Structures are given as structure tokens and as C-alpha cells.
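FYI, it's all coordinate maths here, none of it is from the lab. All of these numbers come straight from a predicted model, not from anything done at the bench. Cβ: placed from backbone, ideal geometry, glycine included. Neighbour counts: every protein chain shown.
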């Protein structure tokens, strides 16, 4: 055999880049995301065809790139910034922060939550606007009354805060507990809803 037969075929990098661009333009994204400004800081909203998958506090999750890297690993690397696809999320959040919305009507994709986490998050989603509950009560509503610490961990990993209102869950005895967006944000949200005075 001669060396010519073993050489890889030549290609033009510009042609390869153009082909990759054509593929990216024609292949549908699995995850669409948008940055959402809010009174509690910038949020990263991401949705799949099944619904809203995450609403992350940018400043508490390592920044936009860290949030997107995490989504690429856990959901799909095929992501596209598409603010128009998340207009309903932005509109409902704006209405909530303006005091014109008490419940969210968004479809939810629970893919980022474990089975137990889903039960906890669904029990949390049922807590009415302006009301509070405890980790123990949420655990009981999710089917495991002795799992208050596990409920706290599941709520700490809530991928969709505000929409799934984990800020409404306090420790038994009324202490605030933690919050993925910071305790100051938890207080702000509870005051917005009239659940915390002062």
C-alpha cells in the first residue's frame, strides 16, 4: 500500500462549519431558554416540549453558563436561546410580581426531580398563595410524614422555585429555613404574598 491511500480525505473547514450551521438551523432544540429579569434578580428559565423544566436564580447557581452546562448534562445539550418560546413564563412571572397573579398556569416538566422530589414538589405546588406550610406537613402530604429532612433537601433542589413555591415552606415552629435563592429572597416573596409581615 502506498501512503496516499492511507491519508485521510481533505476537507475545507469553512464547508464543515457551514454544514454544522445548516444542521443547527434545521435540527430542533430539546431545550429552549431565556433570561428573565425580575425584582429578585435575573432568572434563567428553560423549557422542554413537556413544559417549564427550570427557573434558576442566576446569582445563586454559578451564573448562566453554569446553569446551561447543568441542563446540557441533565436534560440535553441541544439548547437554544429562544425568549419568544418562554413568553408565557415571563408574562406569568411579571403578573405574579405585580400582584396580579396568585397561581401559575404553566405546564411543568418534572424531569429534573427524583420520584420522591416530584411528590414533594407537587405537594408544595398545592400550598395556596399567601399561606405557609412546614417541611413535615409537606412530607406527610407527599406520603412520608417522617421525611421532613428529606423534604427539605428536595425543596432545596427545587428546579422551579417561585412557580413551585418552596418559599412557602418553613421549619416547624416558624423559623424560615433555607432557600435556593437566599433567605432574603424568601422573605421578600413571603412579604409579597402577605404571608410574612414586617
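Details
- Residue order, fewest to most beta carbons within 10 Å, for 44, 164: 44, 164
- In this simple spin-label model, placing a label point 7 Å from the Cα along the Cα-to-Cβ direction at both residue 69 and residue 183 gives a separation of 2.9 nm.
- The chain, Rg to Rh (Cα coordinates; Rh as Kirkwood inverse mean 1/r): 1.15
- Each part reduced to its alpha carbon centroid, region 67-100 and region 38-63 end up 6 Å apart.
- Sites residue 149 and residue 80 - FRET efficiency at Förster radius 45 Å, r taken between beta-carbons, to 0.05: 0.75
- The chain: angle of helix 115-125 to the longest principal axis, Cα-based, in degrees nearest 10: 50 degrees
- Each label was represented as a point 7 Å from its Cα along the Cα-to-Cβ direction; for residue 19 and residue 38 these points are 4.3 nm apart.
- Between the Cα long axis of helix 64-74 and the first principal axis of the chain there is an angle of about 80°, rounded to the nearest 10.
- Percent of Cα pairs in region 9-123 per distance bin of 10 Å, from zero to the largest separation: 12, 37, 32, 12, 5, 2, 0.
- For 89, 138, 36, order by how many other beta-carbon atoms lie within 10 Å, fewest first: 36, 89, 138
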